[in-house]
Each structure stands twice: as C-alpha cells, then as structure tokens.
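The values are calculated or read from the model by the stated rules, or taken from the named source; none is laboratory data. Because the structure is a prediction, the values reported are computed rather than measured. So basically every Cβ, Gly included, is an ideal-geometry build from the backbone, and we count neighbours across all protein chains shown.
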Amino acid sequence: MVNPLRKTLVLSGFLALSSSALFAAGISATATLTDTQTASGAYNYTVNLNNTGTTTIGTFWFAWIPGAGFLPTVPTNISSPAGWNEVSTDAGHALQWTTTSSLLGSGQSLTGFDFTSTDSPAQLLGTYPGTATGVGAGALDLTSFVYIGAPLADPGSQFVVAEAAPTVTPEPDSLVLTLTGFGLAGFATLRRRFSRTA
C-alpha cells in the first residue's frame, strides 16, 4: 500500500519541478522605442521587440504591470506587426499586443508595434506616480511584460523598454568638407611622388 503522505510529497515535488521548468523556459526580452515628431507636435512611436529568452513570446504588454497602466495620455493610431492584434488596456494607459499564429521565436526581433501620442519621449521616460492604492509607484513608465503565450497564462517577464539610440546622419557640408580633405591629401601625396621621380 502506497503511503498517502509519500504520494503527496511526490506529487508536490513534481508540481514544483513543473513550475520551475516553466521559469527555466527562460522567457526574457528587450525592446527599443523610436520616435518621430509629426507636424502637429504629436509623436509617432515604434517599438522593436527582441526575444532574448529560450522560448516563444506571444504577448507583449507595453507600459504596464499587473494593476497599472503607465502611459500618461491615451495613445491613438495603434497598429501591429503582421499576425499580431492590439488592444488598449487600463483605461487606455497601456497597450497589449498578442498573437497565436506569429509567435516571436527565441533570438528573433520584431518591429511594427506602433502608436501615436502627444506624450514626448521625455514624458515616456518618466516614472509613474502610482494608482490611488499605490500600485506601480516609482516604476518607470516604459516598464513592460512579455508572456510565452496568452496574457497572464504564465509567469511572464518584466523589463523596461529603452529609448533607441539616435541615428547620426552627417550634414552635407560636413561630408563635402571631409571628402575634399581626403582628395587634397591624396593630391598632395601624388604631387610629392611625381616631384621625387622628376
């Protein structure tokens, strides 16, 4: 006869291993936010999501932790990458993108998580004051979550979306001056060579 206590301990151990295996599945992500200011003064934002874990990502919940959405104002023109669907949550102060057909695989990146907002990049890089009950107080506004599949169906992974590094494009005058400098240096070198051979 099997000891009921032993059976319970074995079952508890199995459940603990299953739970830790889910954590060991290694869901993690990073993301960058790029902005372009419009003529009206609003900002078009694009988020590029990177799966840095060892499992898939099926949910990306932006500017959110359980119980609080961090976006200062409600965004508009929300769009999704192909195969993903968007919805605003927390009275419009968070954005959730989900998929069941286009899961983001380990090591892959995906862009096209887009929205428009009157919030400036500086405002989005701020901290959240907290709900009336104090949920989220002091968290960065770009704190976000990813889940392996459906929202809240697994422990998920919390991370902070980073502002993308600005791309530096040389001004045309600088480029012309640089090329002219290289040309003159090359010409001087050739002239010296011909002077020595003459």
Any residue that is surrounded by fewer than 17 Cβ atoms within 10 Å (Cβ to Cβ), in a strand (DSSP E or B) and either touching a helix residue (DSSP H, G or I) at 6+ places or on another chain (Cβ under 8 Å) or not basic (Lys, Arg) (or both) - is there at least one of those in the stretch 62-70? no
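Filter the stretch 24-41 down to the residues that are farther than 25 Å from Pro121 by Cβ and in a loop (DSSP other than H, G, I, E, B), then identify the one that is farthest from the chain's Cα centre (by Cα). Walk me through how you get there before you give the answer.
First pass over the stretch 24-41, keeping only residues farther than 25 Å from Pro121 by Cβ: 24-27.
Checking which are in a loop (DSSP other than H, G, I, E, B) leaves us with 25-27.
Details: Ala25: 20, Gly26: 17, Ile27: 14 Å.
Top of the filtered list is Ala25.
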Residues in the stretch 120-140 that are under 30 Å from Ala82 (Cα atoms), in contact with a strand residue (DSSP E or B) (Cβ under 7 Å, 6 or more places away or on another chain) and not hydrophobic (A, V, I, L, M, F, W, C): how many? 2
Consider Phe145 against the criteria (1) at pLDDT below 90; (2) surrounded by 15 or more Cβ atoms within 10 Å (Cβ to Cβ): it satisfies all of them except one. Which criterion is unmet? (1)
Name every residue in the stretch 86-126 that is surrounded by 19 or more Cβ atoms within 10 Å (Cβ to Cβ), under 20 Å from Thr55 (Cβ atoms) and touching a residue at least 60 places away in the same chain (Cβ under 8 Å), in order of residue number. Leu110, Phe113
Could we say that Ser101 is of a type outside the set (A, V, I, L, M, F, W, C) and under 26 Å from Gln37 (Cβ atoms) here? no
Residues to consider are Asn77, Asn50, Asn44; find the one that is part of a strand (DSSP E or B), out of contact with any His (no Cβ under 9 Å at 6 or more places or on another chain), at positive phi and surrounded by fewer than 22 Cβ atoms within 10 Å (Cβ to Cβ). Asn77
